[in-house]
Amino acid sequence: MPAAVIKVGGSLSRRPAALRRLMSVLGGLARARTLVVVPGGGRFAEEVRRTGRRFVLGDTPAHWMAILAMDQYAYVLAHLAGDAAVVRGRGAIAAGRLNVLAPASWLGRADPLPHSWQVTSDSIAAWVARQLRTKTLVLVKDVDGLFDRNPREHGRARLRRQTAPEGLDGVVDAHFARVLGTGMSCWIVNGMHPERVRALIETGRTYGTEVVRSFHRGGRGPEPRPVAGSPGRGRDRPRRRRRAPR
């Protein structure tokens, strides 16, 4: 059983130096524990969106093309980590190195998720974590976590240290809450600060937002919609759009 499944968002590819530092830290952590990285889609998936609009692709071809985009990003992440291996299923996962999952082959056999842009790499990472029975899922993005207000507009915006998966509208995709396993620790952490990811893997706590199924606000009504700043794009970013055409 891996110590953690870590989804690395495609938005981080816009900061190559920061992404290289993050992957170096993950590579070092993997020497003492089994870690699995699930890639986002990033710019590879953005091209799928453009192609889908240009040729009016349906849900199914766009779904598989976007997952293949994750495979492409997997090779980038493995290269940046150095001592890492691109793996295509649970049988290839090994200790002592960083395992970067290229998920297309595994997902192609299992086909477990709806064919829709409402399913992004966040839901895919949650599904992988359930299949591997890991206790920790980390969504590494380009924001600190969830805020009560937009931190770019409000200097006093406060980070939400905990939230329920149902309160993540606009931050993760619409299917995520259905896939997230019970009893699983899930965190949203800023990959621009690799030391926060290191702290979480080593101690179980860090600066970020923990997603907790039992979280509630004392019966004071529905939780206000959280703000996460600027979420990633491509296969990482949930968007409200009609199912077809794309």
- Message: Using a Gaussian network model on the chain with a 10 Å cutoff between Cα atoms, which of Val197, Val76, Val189 fluctuates the most?
- Response: Val76
- Task: Divide by every residue of the chain the summed helix terms, -39500 (n - 2.57) for each DSSP H run of at least 4, and state the resulting mean residue ellipticity at 222 nm, rounded to the nearest 500 deg cm²/dmol.
- Result: -10500 deg cm²/dmol
- Query: Scaled to the compact-protein estimate 2.2 N^0.38 Å, what is the alpha-carbon radius of gyration of the range 64-174, rounded to two decimal places?
  - Reply: 1.23
- Query: DSSP H helices in the chain with Cα extent of 18 Å or more along the helix axis and mean Kyte-Doolittle hydropathy at least -0.5?
  - Reply: 16-29, 59-81
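Charges at C-beta only: +1 for Lys and Arg, -1 for Asp and Glu. How large is the resulting dipole of the chain about its Cα centre, in Debye rounded to 20?
The dipole of the chain has a size of about 380 debye.
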- Task: In a Gaussian network model over the chain where Cα atoms closer than 10 Å are linked, find which of Ala102, Ala92, Ala174 has the largest mean-square fluctuation.
- Result: Ala92
- Per the Kirkwood definition applied to all pairs of different Cα atoms, how many angstroms is the hydrodynamic radius of the range 149-213? 13.1 Å
- Select from His115, Gly28, Val171 the residue farthest towards the positive end of the dipole of the chain; place +1 on Cβ of Lys and Arg, -1 on Cβ of Asp and Glu, and compute about the Cα centre. Val171
- Antiparallel as a % of all DSSP beta bridges within the range 4-236, to the nearest 5? 20 percent
- Message: Running a GNM on the chain with Cα contacts under 10 Å, which residue among Arg152, Arg97, Arg20 ends up with the highest mean-square fluctuation?
- Response: Arg152
- Item | Over the chain, relative contact order from alpha-carbon pairs under 8 Å, at least 6 apart, % | 29 percent
- Note on the structure: Surrounding charge for His193, neighbours by C-beta under 13 angstrom, Lys/Arg +1, Asp/Glu -1, total +2
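All of the numbers you see were taken from the coordinates with simple rules; none came from a lab. Quick caveat, the model's predicted, so the values are computed rather than measured. Using ideal geometry, Cβ is built from the backbone for each residue, glycine included, and neighbour counts are taken over all protein chains shown.
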